[in-house]
Structures are given as structure tokens and as C-alpha cells.
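Reviewing the structure listed below.
Every number in this text was worked out from the coordinates using simple rules, so none of it is lab data. Owing to the predicted nature of the structure, the values given are computational and were not obtained by experimental measurement. Virtual Cβ from ideal backbone geometry, glycine too; neighbours counted across all protein chains shown.
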Amino acid sequence: MRWPSAVPEPRRDGWHRRAHSALRHSLRVRLVIVFLLLALGLSVIFLAATQRAIGVGWRLAVAPLVTDYVDRLVAEIGTPPSIERALVLTRRLPVSVRIDGPGVQWRSHPDREDREWDDRDGRRHDDAPRLLERQTSDGHRILLGLGDLSWRSQPRVFGMTSLLAALLVIGLAYAYVRRLLRPIDDIRVGVQRFGRGEFDVPIHVRRRDELGDLAGQINTMAADLRHMLDGKRALLLAISHELRSPLTRARLNTELLPESEETRSSRDALLRDLALMRDLISDLLEGERLSGSHAPLHREPVDLRELVDGMLRAHADLARFRVQLATDLPLVDADPVRLQLALRNLMDNALRHGGAVQPPTLSIRRHGEDGVQLTVRDLGPGVEASQLEHLGEAFFRTDQARRRETGGVGLGLHLACLAVQAHGATLRFRNTNPGLEASFELPAQR
């Protein structure tokens with residue numbers, strides 16, 4: 001016999017994951033839940049205390065009064081029970097009467113009495129209220145109940161109304177908490193904006209409470225940071241600019257020195273050092289221009305194949321590279337000068353750290369449907385894993401001894417990162433064992 005296969009239950013992992021994430025990361029949701037749990041706890045305590053108080057009052061006062069009142073009503077019906085008196089009683093009071101006995105079988109509300117007192121086979125419920133039941137001396141049993149039972153259809157309406165009211169209260173509580181914590185969203189967006197170096201728009205201060213004071217203090221801190229960074233940038237630009245003139249004069253005076261066998265080596269070394277200082281100043285100025293929030297890019301459709309060919313013709317040292325270009329490369333939207341700067345610095349770094357082992361590789365291929373990936377890889381020793389995240393920082397060098405012949409001054413990869421970031425991309429580094437790989441993507445021209 002083949003048993004039918006069980007129907008798989010729908011996957012709820014996504015829903016549970018989203019609910020768990022909202023509970024862990026949403027302060028609003030947690031505050032609303034705390035308020036609801038507090039209200040539920042207070043309601044349970046209040047209801048329990050009220051129920052106990054009513055129970056004590058019922059046993060001490062209400063139950064004796066009800067017992068006496070039922071005795072009076074049964075006496076009014078009489079012995080043997082009179083149907084006429086019972087009918088008058090039900091018309092005068094909102095009660096129902098049921099009489100069972102050898103002489104009288106009568107119900108004031110037959111349909112309701114059946115549902116209230118009888119099972120499907122006509123037997124009486126064991127949990128019927130004995131307080132409203134009396135046995136007459138002639139063997140009749142009289143049961144009293146509430147005659148107008150229209151209120152019994154009300155609990156469902158009351159329940160739905162209470163549920164809607166509770167949902168409304170929850171919605172209002174969430175809306176109020178959301179409004180109360182709205183400055184946190186403003187602070188979060190503002191801090192992200194300040195982290196990107198955009199200090200022009202301060203955080204909007206909505207209220208004058210603790211969160212408003214926090215937003216104001218963060219605005220003050222951002223203004224101080226902006227002044228400090230602007231001062232640092234202005235000082236660096238001023239020093240770099242002022243150093244150009246004496247460097248130019250020093251280079252000119254060095255070139256005018258009389259040549260001789262004794263002074264030639266010293267003169268050439270001095271010219272090399274002056275050229276390095278000139279390049280360093282140019283790199284610092286270019287880095288400051290690119291690090292600004294309004295980096296001056298001149299975007300245009302760029303043919304990467306022509307760009308790489310021009311770089312290889314202009315720089316003889318790059319001829320050692322193995323170039324791998326896809327045949328279906330689209331045009332990219334980029335600044336050709338800054339893109340050449342990024343590629344040249346990445347290729348120089350690959351030659352410096354891995355060119356002596358095997359030729360480095362420049363690879364350009366399609367990335368997805370509307371992108372191009374540019375990759376520069378060397379086959380050298382690579383870097384330590386702890387240093388990968390620091391590559392691209394200004395003046396960072398993997399060689400702690402900071403020897404010039406092993407790694408420059410630490411601005412080449414920094415400029416490459418700034419040029420790539422100015423295009424809206426991210427320069428990534430990873431060890432390829434052997435070697436180090438640097439890659440980034442650019443969007444295709446539309």
C-alpha cells in the first residue's frame with residue numbers, strides 16, 4: 001500500500017529571519033513590545049486582583065443575597081408549581097423558568113433552555129449552577145435563569161471591538177514611537193553624510209530634547225572636523241605650492257653646474273632627488289584634489305584598448321606587461337587622465353614588487369551586462385593578510401624600514417584608490433598566491 005506523500009509546509013525561514021532582524025535592530029519595535037508587555041502585565045495583575053476581590057465579595061455578600069432572592073421567587077411560583085405564576089414572573093422580571101416534575105413539565109424559553117441546560121441526549125449538565133436550582137416538597141425541580149439572553153451574543157462583538165481597539169492602540173503607539181525616534185534617523189543619515197566628507201548640510205534638529213541636543217552636538221563636532229580638515233588641506237596645499245618654486249630654482253642651478261668627472265655622480269644624484277621631490281609634491285596636490293567631495297572629473301567615452309596602447313607607447317617600462325584585452329570591450333564613462341593615473345600607479349606597483357620574478361598581467365574583460373573589470377596582477381610575494389585593508393592609505397608601506405628602493409613613499413596606491421573612488425568604484429586588493437591582485441569595475445557607456 002502506498003501512502004500519500006506529505007505536503008511540504010511553506011518555508012518560513014525568510015519571515016523568521018526578517019522578524020528576528022527587526023527585533024534585534026529596530027529600537028521602535030522593541031520599545032512597542034516593551035510597552036505592550038508592560039500593559040499586559042498590568043492588566044493581568046489588575047484582573048487577578050479584581051477577580052479575587054469579586055470572589056471574596058461574592059462569597060461573603062452576593063451569594064447569600066442571591067440565595068434568599070431565589071428562595072422568594074420559587075415560593076412565589078408556589079407548591080405545586082403554578083404555570084400562570086411562573087409566566088407572570090417571567091413577564092415581570094428578566095428571568096427564565098424551567099419546571100420538571102411528576103405533575104408539571106414547563107419551560108418559559110424552550111429553545112434557550114435546551115442550549116443552556118441540556119446535552120444532545122437531553123441530560124442536564126453536571127456543572128449547572130446549583131445556586132439557581134430548587135427542589136419543591138412535592139418532587140418538582142425548578143431551575144431559574146436569565147430570560148433575556150440577547151446579551152449573550154454581545155461577547156463576540158465585544159471581543160472584535162476590543163481586538164480592533166488593541167490594534168489601534170498598538171498602531172498609535174508605534175506611530176508615536178516612530179515620531180519620537182525620528183531624530184535618530186536624521187542623525188544616522190547625517191553621520192553617514194559626514195563620513196563621506198559632505199559637511200555642507202547639517203543634521204536637521206527637530207526638537208529640543210535629548211535627541212535634539214545630541215544632533216546639535218554632532219553638528220558642532222562635524223563643523224569642527226570640517227574646519228580642521230580644511231585647515232590641514234590648506235596648509236598642505238600651501239606648503240606644496242610654496243615648495244615648487246625653490247625646487248625649480250634648485251634644479252635649474254644644479255643643471256647649470258659645470259660638468260666634470262668628479263661632480264657628475266653627485267650632480268645626477270641631486271637631480272634625481274629633486275625630481276623625486278617634484279613628483280612627490282605633484283602627487284600630494286593631485287591627492288588633495290581627488291580627495292575633495294567635488295573631484296574635478298572630465299568624463300567622456302573612453303576606449304580602453306586605445307588607452308592601454310597609448311600608455312604602453314608612452315612608457316617603455318610598461319612593455320614588460322602581459323596585456324589581456326577582451327575583444328568585445330565597450331566604451332566606458334571615465335576621465336581618461338585620472339584613469340591613466342590609476343592604471344599607471346597600479347602597474348608601477350606590480351613592476352616594483354613582482355616584475356623581477358615574472359611579467360605582471362593587465363587584464364580587462366566584460367563584467368556583467370553593463371560593466372568592465374580592470375585587473376592588475378603581479379606574481380611576487382604578495383603582502384600579509386593583516387596589511388591588505390591598509391593598502392591604499394596615504395604613506396602606508398608594507399616595508400616598515402621605509403626604504404626608497406623597496407616601495408616608494410606610499411602615495412602611488414593611495415592616488416590609484418582616490419582616482420577609482422572618484423569614478424564611483426572601489427579598488428580591491430587580494431592575495432593570489434603567488435602575487436597580489438588589484439581590481440575595480442567601471443560602468444559601460446550608455
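For this structure, a couple of remarks:
- A full extension of the chain between Asp209 and Val157 corresponds to an added length of 14.5 nm, given 0.36 nm per residue minus the alpha carbon distance.
- Using a simple spin-label model with pseudo-atoms 7 Å out from Cα toward Cβ, Ile184 and Ser260 lie 7.9 nm apart.
- Length added when fully stretched, Arg278-Arg52, from 0.36 nm per residue minus Cα-Cα: 72.3 nm
- Label zone at Arg365, where the point sits 7 Å out along the Cα-to-Cβ direction: region 307-344 residues whose backbone N lies under 16 Å: 322-330
- A simple spin-label model places the labels of Asp100 and Gln373 8.5 nm from each other, with each point 7 Å out along Cα-to-Cβ.
- One chain, two ends: Asp333 and Lys232. Fully extended at 0.36 nm per residue, the span grows by 33.1 nm beyond their Cα-Cα distance.
- Note on Arg193 and Ser43: the model spin-label points, each 7 Å out from Cα along the C-beta direction, lie 4.2 nm apart.
- Fewest neighbouring Cβ atoms within 10 Å first, the residues His109, His390 line up as His390, His109.
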